Amino acid sequence: MRNFLSLFFLMFSVSNVFAQNETKTSVKFSGFVKTDIIYDTRQSSPANALREGHFYLFPDSILRDSDGKDINDNDVFHILSIQTRVRASLTGPDVLNAKTSGLIETEFFGTGEGDMNGLRLRHAFLKLNWPKTELMIGQFWHPMFPVNAIPGTISFNTGAPFIPFSRNPQVKLSYRFIPSFSVNFTAWSERDFTSTGPAGPSSRYLRNSAIPGLNGEFVIKLDSIQFLFVAGANYFEIIPELKTDSNYYSNSKVSALSFYGYLQQKIKNFTSKIGANYAQNAHNIMMIGGYAACDILDTVKNIKKYTSFVTGTIWADFQLNLAKWQLGMYCAYAKNMGTLCDLKTGSKTYVRGQNIDYLYRISPRISYVVDKVMFSSEVEITNAAYGKLQNNGKVTKTHDVSNIRLLLAVFYNF
């Protein structure tokens, strides 16, 4: 009840403020009510399927009991409405000769497993727009997320862990040279989606590096043929610990450089989207990967040298839009490409899916749209190849496990 009252108070307060200056400022509320009915054929731990399985990444490995039975080979059922969302789109008077706009978006997804149904901030930003320049300040999608070509999955994971998935506080500057070509530069920090380390997931590792994450990308957009291509690079550093186990100061860093690209092509009522990622230390963007201590630089002080795990992914999404029907398919593959330097026996690792060699997913979907209501169904098949971690960070001697998720969803858009 407290969450609903908070949301009502927020909406009332914002509406009241803008009503005082209707000629210069406006606010428009939108969003949707969504309920998901989920059936899985295999168990997944909270780390691999967040919020009681709603945000699904991959299935758990085989876990044998004393009789040799796989404990994780057990079906799961759930119904959730926590993705229900409210958005306030804002427009206001010009500032510094720039058009101003903003957005506040929230949902009932919570900020952790103990906060189910809790309100959380998705997006909150201000935009200043000049003829060729745009400045955005606030919280929005991570710059590696394919915001201009989002896969059309019904599942809330939106294609993760095969695409970078995160929302980050940031400052983004965009410049359009010509209508078909622009560049973006972003400095970002971490909040709900964070790096991990000795103290668990936290934004402190990036904060202690004293520099933000940095991203640069270019965008080619040809409206005449409905074509879009985006490519970029992303860099960030973290400091896993300031004090070693031997009580000495350490500022050893983990540096991560990633590259990505995606394209979208629309031909009449058919849309195709294709993307690829080469990502170092990808834990904070919900992909498999992370980092590890690969060596000891000072055996007395126990100062460590770190290395990133490298992850490669490719994905494709196709959708056909008919009068009231939408047919689609999402396919993706992720590969653990190992570490940048060899690990020593007993090295500490901070990795999502460190004993996974590869993942793949195939998920066909169908939706029926009637005015503001959409009925959707999706079959999501996710396979994980578990094995033994090697000193080079790669995984061998694998065995495959699969989960089939049957998803029914109902949307009411407003």
### Message
Nearest 500 deg cm²/dmol is fine: what mean residue ellipticity at 222 nm does the chain get from its DSSP H runs of n ≥ 4 alone, each adding -39,500 (n - 2.57), divided by its residue count?
### Response
-1500 deg cm²/dmol
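Whenever you get a sec, compute what percent of the accessible area on the chain sits on carbon and sulfur atoms (1.4 Å probe).
Within the chain, the accessible surface is 60 percent carbon and sulfur.
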### Between the range 296-316 and the range 33-69, the alpha-carbon center distance in angstrom
28 Å
### Task
Once you have a ≥ b ≥ c as the square roots of the Cα gyration tensor eigenvalues for the range 290-406, tell me rounded if a/c is under 1.5, and otherwise prolate or oblate according to whether a/b is larger than b/c.
prolate
### Task
Just check the range 350-393 against the gyration tensor rule for me: Cα atoms, a ≥ b ≥ c as the square roots of the eigenvalues, rounded for a/c under 1.5, and otherwise prolate or oblate depending on whether a/b exceeds b/c.
prolate
### Message
At a threshold of 8 angstrom on Cα-Cα distance, excluding pairs fewer than six apart, so keeping six or more, what relative contact order does the chain reach in percent?
### Response
13 percent
### Task
Find which of 260, 161, 25 sits farthest along the positive direction of the dipole of the chain, computed with +1 on the beta-carbon of Lys and Arg, -1 on that of Asp and Glu, about the Cα centre.
25
### Query
Heavy-atom accessible area per residue, the chain, 1.4 Å probe: how many Å²?
47 Å²
### Percent of Cα pairs exceeding the 24 Å cut-off, where the set is the range 255-356
42 percent
### Message
Output wanted: per-residue J couplings in Hz (rounded whole) for the range 385-393, from phi through Karplus 6.51 cos²θ - 1.76 cosθ + 1.60, θ = phi - 60°, x for Gly and Pro.
### Response
9, 8, x, 10, 6, 9, 5, 8, x
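Among rounded, prolate and oblate, which fits the range 194-239 when a ≥ b ≥ c are the square roots of the eigenvalues of its C-alpha gyration tensor, a/c under 1.5 means rounded, and a/b larger than b/c means prolate?
It is prolate, given that a/c is not under 1.5 and a/b is the larger ratio.
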### Task
Express in whole angstrom the spacing between the alpha-carbon centres of the range 166-197 and the range 81-117.
17 Å
### Within straight-line cross-link reach of residue 394, aspartates and glutamates at Cα separation under 20 Å, skipping those fewer than 8 residues along the same chain
60, 295, 342, 357
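The values are calculated or read from the model by the stated rules, or taken from the named source; none is laboratory data. Please read these numbers as outputs of a predicted model, since none were measured by experiment. Positions of Cβ are backbone-derived with ideal geometry, glycine not excepted, and every protein chain shown enters the neighbour counts. We work out accessible area using only protein heavy atoms, side chains counted, and drop any ligands, DNA or RNA first. Shrake-Rupley method; radii C 1.70, N 1.55, O 1.52, S 1.80 Å.
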